[in-house]
Amino acid sequence: MTDPDDLLVLRSRRGRLTLATVILGSGIAGLDGSVVNIAARTIGTDLDASLADLQWVLNGYLLALASLILVGGSLGDRLGRRKVYLIGVAAFGVTSALCAFAQSPSQLIAGRVLQGVAAALLTPGSLAIIESGFRREDRPAAIGTWAGLSGVAFAVGPLVGGFLLEHGGWRWIFAINVPLCLLVLVLGRQVPESRDDEEAGRFDVLGAVVGAAALASLTAALTFWRDWSAPVVVAAAVVVAGLVAAFVVLERRPGAMAPVELFASRVFSAANLMTFLVYGALGVMIFLLVLQLQVTSGYSPLEAGLATLPTTVVMLLFSSRAAVVAARTGPRLPMTVGPLVGAAGAVPLAFIGPHASYVVHVLPGMVVFAVGLTMLVSPLTAAVLDAAPDRHAGVASGINNAVARAGSLLAVAAIPALVGLSGEDYRRPSVLTDGFRSGLLVCAALLAAGGIVSWYGLRSTTQPSG
């Protein structure tokens, strides 16, 4: 734990540098989680990849990140959050270089998996450093700034990807990470160290392995079930169910990686369920939207990236303010209204077709969706951390990040197949359009469900605690 007298003041030089360091590092990981979407078609053509290959270029990263992010959070709590965070940043730079030099789909997928492992070390540490390192009165504004700018990094991915594709090629979307990671390592000298001094005992290796195996099996099943026979599908379902049950049992033990007592809080559980639904919708929307704009509507990669700019602008301008408002009113209202507004924005986007006008067919839906997303991101992060003890800041952050990545991972694996997209359908405008329309309507339903979960699950949080 950090001595109260050593806690950072947000307006101090060290406080600002620490916040900049953790935002930049987590932003790089968030950017890489979305920037590849805009490059999917170009990568597919250059490396002769199938739709399943492209799904795994996305999912290989998300799978490793979601599977191991709890490990990263727990290691940070035990060994030092700053130390594990900076190790993750360094590893992310190295694995990004490996992706940049990939010569085949399998090599790129392998590089993305290793990238996800590195991201699992740095991602939970960024938020845990804020929660454990800043004064309590400064945390809402710090978390709001972190959440807003980290969300911008995810949303700006298609824009950055489009620019790099047109001016350098898809390999630059990975190569650009190397100097950014070096900058984080230099700034990281200003970040204070903190750990959970009450954490003892052996690390939960078995829980980590079983959890990763459960998520990997489920992702594979959702991606490939259409190509399997009925007995194989049934067998896969049994394996997945067994692994999930084993993970739940293992995490009931003392010293577990994901302490069960955290889920005794209804707020913590409801916030994570809402996270799963909303980030699942967000992952599929970005994946399908940038394909649809390029393949069917005739947009260039840069134009498709620019189409998502309203999300970036709105989150950049208003996320910090949304966090302050939610700190006064409680998270229930913004976490209910936000997803519903986002769903209202997703519906008109579902009808983007050939020769779609940006101003008429894309911009209105994107603005509405951006407003909804901005309303919910900062309050969601604050609600999760407030529901957990400070000493479990790394684990709580890791769980919420794992849930977000798992939601996106599983949705990207499952929804394209459920709406009839497979193989090289992403190159056929008429087939892609039908699947895109159904997919975005499914995303709207997931967003609406997230709002309903928040309304009923956060009943006791209409006013801020304390």
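The values are calculated or read from the model by the stated rules, or taken from the named source; none is laboratory data. Quick caveat: nothing in here was measured; it's all calculated off a predicted structure. Cβ placement follows ideal geometry from the backbone for every residue including glycine, while neighbour counts extend to all protein chains displayed.
Does residue 435 satisfy the condition of being among the small types (Gly, Ala, Ser), more than 19 Å from residue 279 (Cβ to Cβ) and either modelled with pLDDT of 90 or more or part of a helix (DSSP H, G or I) (or both)? Yes: the conditions hold for residue 435. Counting the residues of region 352-379 that are aliphatic (A, V, I, L, M) and either touching a helix residue (DSSP H, G or I) at 6+ places or on another chain (Cβ under 6 Å) or on the phi > 0 side of the Ramachandran plot (or both) gives 10.
Inspect region 59-74 for any residue being touching a helix residue (DSSP H, G or I) at 6+ places or on another chain (Cβ under 9 Å), assigned to a helix (DSSP H, G or I), more than 30 Å from residue 195 (Cβ to Cβ) and assigned by TED's automatic domain parsing to the domain that holds residue 389 and give the result as yes or no. Yes - at least one qualifying residue is present in region 59-74. For residue 398, are the conditions met, namely being buried (at least 20 other Cβ atoms within 10 Å of the Cβ), under 17 Å from the mean Cα position of the chain (by Cα) and modelled with pLDDT under 80? Taking the combined requirement at face value, the residue satisfies it.
Residues considered: 316, 349. Of these, the only one that is in contact with a helix residue (DSSP H, G or I) (Cβ under 6 Å, 6 or more places away or on another chain), in contact (Cβ under 8 Å) with a residue 60 or more places away in the chain and surrounded by fewer than 23 Cβ atoms within 10 Å (Cβ to Cβ) is 316.
Of all the residues in region 104-145, those that are crowded, with 21+ Cβ neighbours inside 10 Å, over 20 Å from residue 82 (Cα atoms) and among the small types (Gly, Ala, Ser) number 2.
Cβ-Cβ distances below 7 Å connect the following pairs, each with a first residue in region 204-216 that is of a type in the set (Asp, Glu), a second residue that is at pLDDT below 80 and surrounded by fewer than 18 Cβ atoms within 10 Å (Cβ to Cβ), and a separation of six or more residues or different chains: 204/255.
Of everything in region 258-306 that is in a loop (DSSP other than H, G, I, E, B) and not hydroxyl-bearing (Ser, Thr, Tyr), the residue that is surrounded by the fewest Cβ atoms within 10 Å (Cβ to Cβ) is 298.
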